[in-house]
1. Under 5 Å between amide H atoms, partner at least 5 residues away or on a different chain: which partners does MET127 have, H built in plane at 1.01 Å?
2. Could you sort the peptides 173-181, 242-250 by per-residue average Cβ neighbour count (10 Å cutoff), highest mean leading?
3. Ranked from highest to lowest mean number of other Cβ atoms within 10 Å per residue, what is the order of the peptides 20-32, 74-86?
4. Could you work out how far helix 195-212 tilts from the main Cα principal axis of the chain, as a 0 to 90 degree angle to the nearest 10?
5. Taking every DSSP beta bridge that has both residues in the chain, what percent is antiparallel when rounded to the nearest 5?
6. Can you count the Lys pairs in the chain whose Cα atoms are under 30 Å apart, with each pair 8 or more apart or on different chains?
7. Using the crude model of +1 on Lys and Arg Cβ and -1 on Asp and Glu Cβ, and no other charge, please compute the dipole size for region 1-86 relative to its Cα centre, in debye to 20.
8. With the contact rule set at Cα under 8 Å and sequence spacing of 6 or more, what percent relative contact order holds for the chain?
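Laboratory data are not the source of any read-out in this text; all were calculated from the coordinates shown. This structure is a prediction, so every number in the text was calculated from the model and none was measured. Here Cβ is always computed from backbone atoms with ideal geometry, including for glycine, and neighbour counts include all displayed protein chains.
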Amino acid sequence: MCRRSFDQTWGLRPAMVYWIYSAILRPRLLYAAVIWWSRAQKVAARVALEHVRALILRGALGAIRTTPVVAMGVLFDVEPFHLPIVAAAARAAHRLQCEGNGGLVPGTPNSLTAYSPTVFRMPQDRMSAIRASKATYKVCFPQREDWLRPQGPKLNSGIILFTDGSMTGSGSGASIYCREKGISESIPLGRFATVFQSEVMAILCCAQDLLANGTRGERISICSDSQAALRALDSLTIISRLVWDCKAVLEDSKEQ
């Protein structure tokens, strides 16, 4: 139906064709992949999927029929469809395994664990929701104007720490810096940690370092540029094991 709405010289604009793919067709393609992913390994299915990918890429680029599909895929970063299908199925299978389903993929005789045994041996960060008590520490989100006011954020006294987390093609990492305590650390987190986990891990390392250094009775400010991490630590409902551990260490730091 989408294909009949455009051609090389008429119809939907290329940008709209790409939006239809990314917002509508791709989510529909990956839906319930954990059930039927093994079908995408068949040669006939891969040929059909590659035909669909070629239609999408030609429409998004306004290219002629003889344009190589591989080259168009590189330009738009649209990989062969059987790869994201297996990836989506693996993520779902890993979640099922961590929830006690043994990692077996429903509806198929095989397990996806054979594709990446290292990943499937990893624990999952997500956990059942826990209702936490109100934090004894304070999380604030100052605006740009607040820094110019006399009664704005008071970061000119006490211990001030700065944190950051990032992810690149080679892996993820966290870093912390504190001039007062002489702390400057970079923590590699491997290939699978998300940016959110890296940001929370940086805050956790700050609290752990302060406890290890015997810091007591001082005003402490931890500055992070991750609003998601700060809101998770301020939430009363915790669904991340890492956030739960970080919250516990922050509470311990506050009490001591």
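1. Residues meeting the criterion, in which the H sits 1.01 Å from N, are SER240, ARG241.
2. 242-250, 173-181
3. The most tightly packed comes first, giving 74-86, 20-32.
4. The helix 195-212 is inclined about 20 degrees to the chain.
5. Numbers: 18 of 22 bridges.
Just about 80 percent of them are antiparallel.
6. Pairs that pass both the separation and distance tests number 13.
7. With only Lys, Arg, Asp and Glu charged at Cβ, the dipole is about 240 debye.
8. On the way: 320 pairs, mean separation 39.8, N = 256.
Normalised by residue count, the contact order of the chain is 16 percent.
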